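Single-structure report; data block below.
The values are calculated or read from the model by the stated rules, or taken from the named source; none is laboratory data. Small disclaimer: the values here were computed from a predicted structure and weren't measured. Glycine also receives a Cβ, built like all others from the backbone with ideal geometry; neighbour counts cover every protein chain displayed.
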Amino acid sequence: MYKLFLFIFWLQIFLFWGCKTESKTTIAPKDIEVINLQVPQEENFLKSSDYFDSIKIVPLETTEKSLIASINRLVVSHDYIYILDRTSNSVLAFNNCGTFSFRIKSFGRGPAEYTQIGDFCVDFENERIVVYAHAPMKLLYYDLKGNFLAEDMLDDIYSNVMAVDGKIMLFDIDPIKKKYAWVKPYGSNSLKGSYEIPDFVLKFAYQRTGYPMVCKSNRPYFFSPLDYNIYLCTKDGIVPKYQLNFNENSIDINYLMSVNDNEISKLFQLCSEKEFGFFISNFRETDDYVIFRFEPGKTVIYSKKSSTAEVFRWHREDMAALGMGMYFAHDGDDNNILTIVEAQNLLTQFERIGWNLEPYRNDFPHFQKVENILDSISENSNPILVFFKFISN
């Protein structure tokens, strides 16, 4: 009897802790929020004044040391705007008014150097900038002023990096790794994989959008171009938090799995012809909204309060006459979305009307903010960042 009692006692303990451990790494279906989407047949316009109440315009200072060739990732804090420029193999930092502060660029093959930058993130909890290099494969750590601290060598190539709860997470879509995320404690060589990649995603593993597959806004997220799950990142791995339902425009997985290998490179054409919603990118969450893009050429704003989504083709900017900026999901816990406006495009817009600005002054309530920068930019200037602040619910 005593042995039977001990057996039952330890069995209960085992089951209890087994269930407790599982609950850390999984989310029950009832906890996955479904975002229902109806893709409009006609062109639909996002009018700025319907969603936003203010605009902040940040022209990035243009000097010989601060020239930007491309913006591949962007992190906003209270003090700095950090920009990944893969073309120049560097990370640049500007203050929140756009004044250049410093550039991280350590080109070479020795310690504290790299020859090809892949991604970066800012770990505010540990006050460091983390640079992931493709070649040689390593993580380089800097303080928030850009001073080198240390480095860790890696054994494989990844696509994105993010700091989550004091740990580093690396992300990729790779038929060899077969898992989306890999958790790495600081200073450790051990990597723990998280979440099996679906087969149809692996089949098209090298068809990407060119945008980061991660965003750390009010919470950290990972998203895959063909996967309708949006994953919340935790210190233990990733778990589905949102699920996109495109209804009649949902991807037909059986169809994709039947695509011949020699047609894999035609994924964009194939999905467009079938009118699938695909290539999820630029996912960002604020307190009240979820925002993301999908192809072909649509932007979604989802209200968490009303559980309704609007799908837009174009952005009709009726607050500051900024034309067609490109929405780009930035890292940062704020209530904004960001568009990137090329200086040359902005100048061309007003050249076409002979610089007659009076109608703009009358019709656009925030136009003065644009007018204030026109004399300070040229067609060779760095891009202009435009932050649209959501109306608070």
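Looking at the stretch 258-317, what strands (runs of 3 or more DSSP E) fall wholly within it and have at least 3 residues that are within 19 Å of P225 (Cβ to Cβ)? Passing ranges, in order: 278-285, 289-295, 298-303. With respect to the conditions (1) part of a strand (DSSP E or B); (2) touching a residue at least 40 places away in the same chain (Cβ under 8 Å), F200 lacks only one, and its number is (1). The set of residues in the stretch 220-236 being β-branched (V, I, T) and touching a Phe, Trp or Tyr at 6+ places or on another chain (Cβ under 9 Å) consists of I230 alone.
Restricting L154, L191, L170, L202 to those that are of a type in the set (A, V, I, L, M, F, W, C), surrounded by fewer than 21 Cβ atoms within 10 Å (Cβ to Cβ) and within 28 Å of D333 (Cα to Cα) reduces the list to L191.
Among residues belonging to the stretch 101-137 that are among the aliphatic types (A, V, I, L, M) and surrounded by 19 or more Cβ atoms within 10 Å (Cβ to Cβ), point out the one that is farthest from the chain's Cα centre (by Cα). Selected residue: I104.
Contact map, the stretch 234-253: first residue free of Cβ contacts under 8 Å to residues at least 60 places away in the same chain and farther than 30 Å from S190 by Cα, second residue surrounded by fewer than 18 Cβ atoms within 10 Å (Cβ to Cβ) and not small (G, A, S), Cβ cut-off under 6 Å, separation 6 or more or different chains; pairs are I253/F200. I'd like to know if the stretch 31-51 contains one or more residues that are buried (at least 18 other Cβ atoms within 10 Å of the Cβ), assigned to a strand (DSSP E or B), at negative phi and at pLDDT below 95. Yes; the residues of the stretch 31-51 include at least one that is buried (at least 18 other Cβ atoms within 10 Å of the Cβ), assigned to a strand (DSSP E or B), at negative phi and at pLDDT below 95. Before we move on, is V214 under 30 Å from L37 (Cβ atoms) and touching a Pro at 6+ places or on another chain (Cβ under 8 Å)? Answer is yes for this residue.
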